[in-house]
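Everything on this sheet refers to the single structure shown next.
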Amino acid sequence: MLALVCRNKKVYAVKRALLFITILFTATGAMGAGAGKKMYDEFVENGQIYPHDGWQDYVTNLGHKLLQYASDTPEKYKFTVLDNAQINAFATPDAFIFVNRGLLAFLSSEEQLAAVIGHEIGHVVGEHARRRKVANLLGKTAGIAAAMITGRGELYDVSNAATTTLLSGYGREMELEADRYGAEFLARSGYNPLAMIEVVQVLKDQELFSKQVANQRSTYHGLFSSHPKNDKRLHEVVAYAQSQLPDLVTEQIGDFWSLIDGLSFGDEAAAGIVRGQTFFHGGLRIAVDFPENWIVTNTPSQVLGKAPGGKKEAQISVARHEPVKRKSPEQYVVDVLKRDDVVDGSELELNGLKSYVGELEVEDSESLVALIGVIYRGKHVFLFRGEAGPNIDATAFRTVFIETLKTLRGMTAEDVQMANTRRVKVLVADPHDTYAKLAQRSAITRYPEESLRLLNGGHPHGEPRAGDFVKIIE
């Protein structure tokens with residue numbers, strides 16, 4: 001069955017922010033050194049780096065501040081904010097540490113962000129991937145990276161055992177050890193290690209929201225996943241680390257709240273969205289432009305663009321198909337799609353992508369021209385269908401069809417900004433503010449009051465206090 005998007009998914013901002021904390025250690029043995037570098041390069045290639053130098057510098061500087069007390073080789077570490085709405089942070093054995101912007105939105109201080117980063121550094125320092133012996137379970141790095149990008153389980157190119165290992169964390173002892181390392185890095189850097197427990201509360205609230213409000217099955221893995229919020233051993237680790245706090249309070253690396261203001265929120269394009277003449281799909285990370293003045297709509301199975309004159313003028317559709325190994329685009333049309341009505345066609349390269357464009361026998365008397373196009377992009381096959389009616393020049397339509405195929409691309413930073421318009425807005429609460437009142441200004445449409453409460457660390461019954469910073473979504 002064709003599927004351009006994951007079917008029957010109701011996408012809204014907070015649902016996309018459901019807890020999916022994953023501590024990801026790609027193996028150094030089976031795949032060789034540099035798994036994190038390979039993932040980083042793939043994220044760059046797919047436009048997955050959050051295009052905000054302020055956040056990139058902030059997280060990098062914060063990481064290196066912690067590393068003063070964590071590593072003799074801080075230069076090997078690389079810190080990156082990913083443009084991904086999932087609440088996620090992960091690290092690789094070669095010291096690449098990634099933080100999703102989706103996690104940033106739910107934090108409320110530099111100390112909390114330091115707690116997340118410190119925990120990740122702790123896993124690298126503790127060599128937990130090697131000790132857990134996950135190397136022989138992992139598949140290709142690219143497959144894992146693709147799954148992290150989209151959040152779609154079917155894209156995991158790893159065995160079930162490996163997937164289970166990656167998503168379940170590294171066991172309570174290793175998680176507690178990462179907490180111990182992280183708490184000590186925090187304290188020696190001048191941050192209160194209690195931020196570790198604050199982050200646990202943030203993540204546990206996500207789980208409660210998932211069950212009690214959104215009525216969804218909770219996905220709760222990875223970072224701090226093994227801890228009850230009143231975990232005695234975690235409190236002991238934090239208490240010990242507090243004894244190492246310096247006498248002077250540390251200076252903040254940056255202005256956390258200034259950076260939070262304007263942060264992209266959610267992923268409106270996760271299952272596909274149309275903006276003007278362009279279709280964006282955040283899950284597949286692709287964009288397609290249709291001709292000017294055409295009407296573009298999308299369904300779970302395809303995107304359809306129609307000329308102003310409708311079908312009697314022209315229309316072009318796009319759908320995603322599953323790839324088949326060792327099949328060229330032309331073979332795909334004949335052997336997989338079983339098309340025996342191609343009267344003329346040729347393979348070509350469009351913007352570096354292997355493609356095939358063919359002309360079909362015309363059966364519909366209202367159609368003058370019927371065209372088919374197949375483009376291979378990464379792990380996906382995209383099928384274009386075009387029809388021209390009596391109200392358009394056939395030669396001109398063939399050119400329009402090819403030009404539309406050429407617009408298929410990976411989403412750029414500009415595309416992401418155009419597709420996902422929601423932003424975090426920081427306000428100072430006044431004495432009369434409530435989350436119910438603030439929800440009237442929010443762009444969140446499902447559970448707006450409860451979602452704002454969750455976003456601000458007040459789940460399930462908290463209310464804003466006068467003078468506090470409060471996050472809403474615009």
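Return the pair list, or none, for Cβ contacts closer than 7 Å from residues in the range 41-52 that are touching a residue at least 24 places away in the same chain (Cβ under 8 Å) and closer than 16 Å to L104 by Cα to residues that are surrounded by fewer than 19 Cβ atoms within 10 Å (Cβ to Cβ) and not polar (S, T, N, Q), at least 6 apart or on different chains.
P51/A413
Yes or no: E450 within 25 Å of E198 (Cβ to Cβ), modelled with pLDDT of 95 or more and either outside the structural domain of G345 (by TED's automatic domain parsing) or in contact with a strand residue (DSSP E or B) (Cβ under 6 Å, 6 or more places away or on another chain) (or both)?
The answer is yes for E450.
Out of (1) β-branched (V, I, T); (2) at pLDDT 50 or above; (3) not in a helix (DSSP H, G or I), the odd one out for V59 is which?
The single condition V59 does not satisfy is (3).
Is it the case that E236 is in contact (Cβ under 8 Å) with a residue 40 or more places away in the chain, out of contact with any Phe, Trp or Tyr (no Cβ under 6 Å at 6 or more places or on another chain) and not small (G, A, S)?
Against the criterion (in contact (Cβ under 8 Å) with a residue 40 or more places away in the chain, out of contact with any Phe, Trp or Tyr (no Cβ under 6 Å at 6 or more places or on another chain) and not small (G, A, S)), E236 does not qualify.
Would you confirm whether or not the range 394-406 contains a residue that is in a loop (DSSP other than H, G, I, E, B) and surrounded by fewer than 17 Cβ atoms within 10 Å (Cβ to Cβ)?
No, the range 394-406 has no match at all.
Are any of the residues in the range 363-377 within 29 Å of the chain's Cα centre (by Cα) and in contact (Cβ under 8 Å) with a residue 60 or more places away in the chain?
Yes.
Across the range 102-117, which residue is surrounded by the fewest Cβ atoms within 10 Å (Cβ to Cβ) among those that are farther than 22 Å from L176 by Cα and at pLDDT 95 or above?
Pass one, the range 102-117, residues farther than 22 Å from L176 by Cα: 102, 104-106, 108-109.
Next, from what is left, pick out any that are at pLDDT 95 or above: 104-106, 108-109.
On the way: L104: 25, A105: 21, F106: 21, S108: 21, S109: 18.
Among those residues, the one meeting the criterion is S109.
Do you know which of the residues in the range 351-375 that are small (G, A, S) and out of contact with any Ser or Thr (no Cβ under 8 Å at 6 or more places or on another chain) is farthest from D341 (Cα to Cα)?
Of everything passing the filter in the range 351-375, G352 is farthest from D341 (Cα to Cα).
Please go through the range 50-69 and give me each residue that is under 19 Å from G36 (Cα atoms) and surrounded by 19 or more Cβ atoms within 10 Å (Cβ to Cβ), ordered by number.
Across the range 50-69, the qualifying residues are Y50, V59, G63, L67.
Considering every residue within the range 351-358, establish whether at least one is small (G, A, S) and at pLDDT below 90.
No, that holds for no residue.
If you go through the range 68-96 one residue at a time, how many are outside any helix (DSSP H, G or I), at pLDDT below 95 and either outside the structural domain of T250 (by TED's automatic domain parsing) or not hydroxyl-bearing (S, T, Y) (or both)? Even if it seems obvious, please write down each step before you answer.
We begin by selecting, within the range 68-96, every residue outside any helix (DSSP H, G or I); these are 68-73, 77-96.
Still in the running and at pLDDT below 95: 68-73, 82-96.
Those still in the list that are either outside the structural domain of T250 (by TED's automatic domain parsing) or not hydroxyl-bearing (S, T, Y) (or both) too: 68, 70, 72, 82-91, 93-96.
Going through the range 68-96 one residue at a time, the tally reaches 17.
Does the range 312-326 contain any residue that is buried (at least 17 other Cβ atoms within 10 Å of the Cβ), assigned to a loop (DSSP other than H, G, I, E, B) and touching a residue at least 24 places away in the same chain (Cβ under 8 Å)?
yes
Going through A30, A17 one at a time, which residue ends up being over 30 Å from F382 (Cα atoms) and either among the basic types (K, R) or modelled with pLDDT under 90 (or both)?
It is A30.
Is it true that V357 is outside any loop (DSSP other than H, G, I, E, B) and under 29 Å from the mean Cα position of the chain (by Cα)? Working first, answer last.
On the way: outside any loop (DSSP other than H, G, I, E, B): yes; under 29 Å from the mean Cα position of the chain (by Cα): no.
The answer is no for V357.
Looking at the range 460-467, can you tell me whether even one residue there is of a type in the set (D, E) and touching a helix residue (DSSP H, G or I) at 6+ places or on another chain (Cβ under 7 Å)?
Of all residues in the range 460-467, those of a type in the set (D, E) come to 463.
If we keep only those that are touching a helix residue (DSSP H, G or I) at 6+ places or on another chain (Cβ under 7 Å) too, we end up with 463.
Yes, the range 460-467 has at least one match.
The values are calculated or read from the model by the stated rules, or taken from the named source; none is laboratory data. Bear in mind that the values here come from a model prediction, so they are computed numbers and not experimental data. Ideal geometry is used to build each Cβ from the backbone, glycine not excepted, and the neighbour counts take in all protein chains shown.
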